Amino acid sequence: MGAGARRQRDAEFTAFVEQASPELLRFAWFLTGEVHAAQDLVQGALLRTYRAWRRIDVPRAVAYTRRVMVNLSRREWRRGGAGRVLVGEGTGELLAPAPDHADAAGEQDRLIRGLRQLPSRQRTVVVLRYYCDLSEQQCADELGISTGAVKSAASRGLARLREHLVMQEVHP
């Protein structure tokens, strides 16, 4: 690859990072539940995305990077990060501020704690379907699973999330 082509690729990737980083960071935060872990996850995913940039269809680059993030977070989950629930100060910086900060922070905390209780696939499907607003087919394509598996994971994940949130209301 010549210097001109490399500069073009780097400029394209830099534009992608500037445009997609806020969305990717929010997605990572929902996957990890912790600001610093989310930042690390995005950084690792962007590094892998850059390495594959020549092979990536630019309009699908966000989907590709989210898929890398899911795979990286699964690895961390398997290595023992599954039991950690690290939600604390600073989490509000990733989401748009709400008028009542205390209530919003409490709701974010409850949501993240609930998401962290879900198995990796259910958590990922719930975030992709209901936070990223992807269709069942788009989720299936992005995760490399069937639409039936997406429906099942979403249904079970939402049921467990509701159960967790109800339990938090009963036993705060």
Between GLN39 and GLN138, the FRET efficiency computed from the C-beta separation at R0 = 35 Å comes out, to the nearest 0.05, as 0.85
Taking 39-46, 16-23 and ranking on average Cβ neighbours within 10 Å, highest first, one gets 39-46, 16-23
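Tell me whether the range 107-172 comes out rounded, prolate or oblate; compute the Cα gyration tensor, take square roots of the eigenvalues as a ≥ b ≥ c, and use a/c under 1.5 as the rounded threshold.
Prolate.
Coordinate-derived values only; no laboratory data. Note that this is a predicted model, so its numbers are computed, not measured. Cβ atoms come from the backbone with ideal geometry, glycine included; neighbour counts cover every protein chain shown.
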